[in-house]
1. Taking the range 97-111, which residues are of a type in the set (D, E, K, R), surrounded by 12 or more Cβ atoms within 10 Å (Cβ to Cβ) and under 21 Å from Arg188 (Cβ atoms)?
2. If I go through the range 88-97 residue by residue, how many of them are more than 14 Å from Val46 (Cβ to Cβ) and at pLDDT 90 or above?
3. What number of residues within the range 137-164 are surrounded by 12 or more Cβ atoms within 10 Å (Cβ to Cβ) and at pLDDT 80 or above?
4. Which one is farthest from Arg138 (Cα to Cα) among residues in the range 150-199 that are more than 24 Å from the chain's Cα centre (by Cα) and of a type in the set (Val, Ile, Thr)?
5. Within the range 112-127, restricting attention to residues that are over 21 Å from Cys92 (Cβ atoms) and either in contact with an Asp or Glu (Cβ under 6 Å, 6 or more places away or on another chain) or at pLDDT 80 or above (or both), which residue is surrounded by the most Cβ atoms within 10 Å (Cβ to Cβ)?
6. Yes or no: Phe53 touching a residue at least 24 places away in the same chain (Cβ under 8 Å) and assigned to a strand (DSSP E or B)?
7. Return the pair list, or none, for Cβ contacts closer than 9 Å from residues in the range 205-219 that are under 20 Å from Thr156 (Cβ atoms) to residues that are assigned to a helix (DSSP H, G or I) and among the hydrophobic types (A, V, I, L, M, F, W, C), at least 6 apart or on different chains.
Amino acid sequence: KGNLTEFIRQCPAAKKYTELSNDELKFIFPVPGFLEGVKNKDKAIVKANNVHFTYPGTDRQIIQGASIQLSLSSRVACLGPNGAGKSTLIKCLTGEVEPQMGTVWKHPNMRYAYVAQHAFHHVEQHLEKTPNEYIRWRFQTGEDKENLTKVTAQYTEEEERLMKEKIPVPQEDGSILKLVVEKIISRRQKKSKYEYEVQWKGLSLDATSWMEKEKLEKLGFA
């Protein structure tokens, strides 16, 4: 009675809870896959420059002047005390939130995954679904529905205003039509540039146009 040795003799599985271990925790990261246009693993594929962020309703600046550069060869640990802004900084990089100042850039072909510290962050809106149902719901359209809800994926007020205005669109016969953007539906890479497929209001679904990223930016689309 009260004898630890006797307890372990009767319950050998409990022995591991009475021993101190010096084993080191080891993480093995997957080897990054090929990224189109990136031939050097030290070339930047994620950049954050002078990022500042404050949550709405508070004056406390969570992130002040953060600058980051990551490449395919980067292996980074984000360390700091509770409330230091670690999760917020990562959310700025993934597009979950948008900084009030500074810029964040990611290679347009880069794939990334984010697992929140609190697991329910990902599934709390889908507790009634099985894992199979959740995956089918999330990817059934061929796009990641959760990515579409990110702050950086939403149209700004300026973009919504621009989408109501007519813009000149050159036609194959040399004429120019003034059309209103319905939505941007896809993207492709043409040589060293990116083009976006634009669907127009009032035209059939197959009457789309490909426009270079630079031209859309000049028209005011971010």
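The values are calculated or read from the model by the stated rules, or taken from the named source; none is laboratory data. This one's a predicted model, so the numbers in the text were calculated from it and none came from an experiment. Cβ atoms come from the backbone with ideal geometry, glycine included; neighbour counts cover every protein chain shown.
1. Going residue by residue through the range 97-111, those that are of a type in the set (D, E, K, R) are 98, 106, 111.
Then drop every residue that is not surrounded by 12 or more Cβ atoms within 10 Å (Cβ to Cβ), which leaves 98, 106.
If the condition is that a residue be of a type in the set (D, E, K, R), surrounded by 12 or more Cβ atoms within 10 Å (Cβ to Cβ) and under 21 Å from Arg188 (Cβ atoms), then Lys106 is the only one that fits.
2. To start, the set of residues in the range 88-97 that are more than 14 Å from Val46 (Cβ to Cβ) comprises 88, 96-97.
Subsequent filtering for residues that are at pLDDT 90 or above retains 88.
Qualifying residue count, the range 88-97: 1.
3. 3
4. Applying the filter and picking the extreme gives Ile176.
5. My answer is His126.
6. On the way: touching a residue at least 24 places away in the same chain (Cβ under 8 Å): yes; assigned to a strand (DSSP E or B): yes.
It is true that Phe53 is touching a residue at least 24 places away in the same chain (Cβ under 8 Å) and assigned to a strand (DSSP E or B).
7. Leu219/Leu162
Residues checked against (1) in contact with a Pro (Cβ under 8 Å, 6 or more places away or on another chain); (2) among the charged types (D, E, K, R); (3) over 24 Å from Ala116 (Cβ atoms); (4) surrounded by 14 or more Cβ atoms within 10 Å (Cβ to Cβ):
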site: Val31; (1), (2), (3), (4): no, no, yes, no
site: Asp59; (1), (2), (3), (4): no, yes, yes, no
site: Ala84; (1), (2), (3), (4): no, no, no, no
site: Cys92; (1), (2), (3), (4): yes, no, no, yes
